[in-house]
Amino acid sequence: MGKLMAFITLHGPLIVFFVAFGNEFLPLPSEVMFLQVGALVALGKFNLGWALAMPIAGIVLADSLLYFIGRCWGASCLRLVYRFSLEPEAVTHRKERLFGRYGMRFILISKFLPMTMVPLVLAGMTRINFFRFLLYTTAGTAFWVALYTGLGYLLHRQIDSLVRFAGRATGTLALVGGVLFVLYLGFKLFRRRRILRLHHEKRIAPEDLKARMEAGDSVVIMDVRSRQAIEAFPYVIPGAIQIPLEEISQRGNEIPAGKELILYCS
């Protein structure tokens, strides 16, 4: 049996609880752990009740903490997340748009996507009823945990063989995994730098925009922030048209034609 499976078997439910809790804040391999826990259940080495209850409890506790962080320091928290994320802001803001479009339904599937904390913080920022939030996040978490644990249960023979093979080839797998991780990290950093450079080339400083407005230049300013961002920071540049990015395709006729368009967001 692999070291991780042996460790989980020895220390049991508390390890599962803390790894699941930390998964909401750090990129931990929780799915791999759930698969191995499911395999241990099939092999009779882990209790099924603990296998489901402990990770769900840890994740829901972390989600509730993120909800209240969103209520108190939502905007600052999101800025911090975007600052240290490997994903460009153009990509990470997509979570805001999806949450704005689907609301709490997005919480049901957010565990399957990266940066799972974003919709949780947004739920707190928008003052969604906590018990309604708790219902949705518990349902989404239970589905996510049960799916991977069930797959581990059904594929326990293959997982056990894979773990045994990994134990015999630890050095080679560690080297290959390390190289792949470095390549992945390099690709993410290159992509982020490229997108931010393109965005920077097309930006206009607030002072320059103010000067153009005072000079009477014919420009159209459009506020494309999500509704949640507007509620969190309800201030608008005078004369700006408010059309959330997710509604542009439906409200495109409201954008004046033949004029220079300047967009701003959070």
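The values are calculated or read from the model by the stated rules, or taken from the named source; none is laboratory data. All values reported here derive from a predicted model rather than from experimental measurement. Please note: Cβ atoms are built from the backbone with ideal geometry, for glycine as well, and neighbour counts cover all protein chains shown.
Please indicate, with yes or no, whether at least one residue in segment 54-77 is over 22 Å from the mean Cα position of the chain (by Cα) and of a type in the set (Val, Ile, Thr).
Initial filter on segment 54-77 (over 22 Å from the mean Cα position of the chain (by Cα)): none.
Within segment 54-77, not a single residue is over 22 Å from the mean Cα position of the chain (by Cα) and of a type in the set (Val, Ile, Thr).
Scanning segment 105-130 for residues that are part of a helix (DSSP H, G or I) and surrounded by fewer than 16 Cβ atoms within 10 Å (Cβ to Cβ) gives Arg105, Ile109, Phe112, Phe130.
Yes/no per residue for (1) at pLDDT 80 or above; (2) surrounded by 13 or more Cβ atoms within 10 Å (Cβ to Cβ):
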{"residue": "Gly150", "(1), (2)": "yes, yes"}
{"residue": "Val163", "(1), (2)": "no, yes"}
{"residue": "Ala211", "(1), (2)": "yes, no"}
{"residue": "Ala240", "(1), (2)": "yes, yes"}
{"residue": "Asn253", "(1), (2)": "yes, no"}
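Residues considered: Gly49, Gly70, Gly22. Of these, the only one that is assigned to a helix (DSSP H, G or I), small (Gly, Ala, Ser) and either buried (at least 20 other Cβ atoms within 10 Å of the Cβ) or touching a Phe, Trp or Tyr at 6+ places or on another chain (Cβ under 9 Å) (or both) is Gly70.
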